[in-house]
């Protein structure tokens, strides 16, 4: 049976589309539970062989030893094929009902605001490739359709398939809830009245953060106009009045000292290494004195990586259009925050919030051992001097 809509903007799968999407989820589950562990064992064994020969198991040496192994070849081709099928199944589903979705967008409750810029220039490092292999990337609008919501609908439909529902099901809001839990525990004195999410996509995290702070004015920033049109309607149907603005996290048009909380949710690994210090500086500029910056990222750190982690990161970079993955996981966010002018700096792993957190139950979630994907997130946070 096709899954029911959790909000009117969610593309609804036909019977055949649901079957195809179910296959994608089953294939990704097989890869995650069977092929990943098998390749991990093989890779760690190869690493030990290299060490026994008196050498260091660098990524290049690991790749060279693995590339003629059938398991490694099958893992790469199957993982990439699953990603391609996921996106195609979402695209087909959206395109079939695009007219209906656009009508729903126009009929959405008139709450919050939407500001897109037809002259906005997408940063080259984003426009140069389709991140995550998403056809058209985050920023694409079909030619001649200046009011498209297509990319937003495709992203939302694919999101729970991508993570196998482990980020909060179709709401995909785990990361937003984890940001809230971190703020509650590490900066308990902060009760934000104005909040900005950089790289908000379709507002999955921003809805969760807004529900935690219902009296706050919340704004989402992203490069994709289609994402933002969809996000605005999605939030409206969910009963959450949010503001959405098209722009780059490196250089926004918000006034100085505008926000009490600025955060991102898995944004930094999709920006260039040159962009990272600029984003930190922009966070400092738009925060009010005493305001807090939180960047949530994938729970992978290059300095803690074993041999299979390196191979996994190599796959993301070479085959999943994530060219900045390794650079972002090598970056020292605490140092970048200090150089930007922040104080009260923290960097470490946060247990994933499996639902909306409460202030009295977040103690001990911060600064925990890394429990792996969708169980932990890496967080760097800091405060603007008062």
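Values quoted throughout were computed directly from the atomic coordinates according to the rules given, and no laboratory measurement underlies them. Nothing here was measured: the structure is a model prediction, and the numbers come from that model. In this analysis, Cβ positions are derived from the backbone assuming ideal geometry, glycine residues included, and neighbour counts consider all displayed protein chains.
Taking the highest mean first, how do the peptides 199-210, 103-114 order by number of other beta carbon atoms within 10 angstrom per residue?
199-210, 103-114
Taking every DSSP beta bridge that has both residues in region 157-383, what percent is antiparallel when rounded to the nearest 5?
In region 157-383, DSSP labels about 45 percent of beta bridges as antiparallel.
Among DSSP bridges having both ends in the chain, what percentage is antiparallel? Round to the nearest 5.
Beta bridges within the chain, antiparallel portion: roughly 40 percent.
Over the chain, what relative contact order in percent results from Cα pairs under 8 Å that are six or more residues apart?
It rounds to 18 percent for the chain.
In nm, give the distance between the simple-model label positions of residue 368 and residue 106, each being 7 Å from the Cα along the Cα-to-Cβ direction.
Each label point lies 7 Å from its Cα, and together they span 4.8 nm.
Based on the mean of other Cβ atoms within 10 Å per residue, sort peptides 262-268, 326-332 so the most packed one is first.
Final packing ranking: 262-268, 326-332.
Could you give the length gained on full extension between residue 133 and residue 309, defined as 0.36 nm per residue of separation minus the Cα-Cα distance, in nm?
Contour length minus Cα-Cα distance gives 61.3 nm.
Using P(r) over Cα pairs in 20 Å bins from 0, in percent as the read-out, say which of (1) 28, 59, 13, 0; (2) 26, 50, 11, 8, 4, 1, 0; (3) 29, 61, 9, 0 was calculated from these coordinates.
From the options (1) 28, 59, 13, 0; (2) 26, 50, 11, 8, 4, 1, 0; (3) 29, 61, 9, 0, the structure gives (1).
What shape does region 166-222 take by its C-alpha gyration tensor, where a ≥ b ≥ c are the square roots of the eigenvalues and a/c under 1.5 counts as rounded, a/b above b/c as prolate, and the rest as oblate?
oblate
What FRET efficiency comes out for residue 256 versus residue 96 if R0 is 45 angstrom and r is the Cβ-Cβ distance? Round to the nearest 0.05.
E(calc), rounded to 0.05, equals 0.45.
List 349, 30 from most exposed to least, where exposure is judged by having the fewest other Cβ atoms within 10 Å.
By the 10 Å Cβ count, ascending, the order reads 30, 349.
By its C-alpha gyration tensor, with a ≥ b ≥ c as the square roots of the eigenvalues, how is region 249-386 shaped: rounded for a/c under 1.5, else prolate for a/b larger than b/c, else oblate?
The shape class here is oblate.
Going by how many other Cβ atoms sit within 10 Å of their own, how do 145, 156, 360 line up, fewest first?
So the ranking, lowest neighbour count to highest, is 360, 145, 156.
Among 302-313, 46-57, what's the highest-first ranking by average C-beta atoms within 10 angstrom per residue?
Going by the mean number of other Cβ atoms within 10 Å, highest first, we get 302-313, 46-57.
Counting other beta carbons within 10 Å of each residue's own, what order do 269, 232 fall into, fewest first?
269, 232
Going by the alpha-carbon gyration tensor, a ≥ b ≥ c the square roots of its eigenvalues, is region 157-383 rounded (a/c under 1.5) or, if a/c is not under 1.5, prolate (a/b greater than b/c) versus oblate?
Since a/c stays below 1.5, the shape of region 157-383 is classed as rounded.
Full-extension gain between residue 113 and residue 64, please, as 0.36 nm times their residue separation minus the C-alpha to C-alpha distance.
12.4 nm
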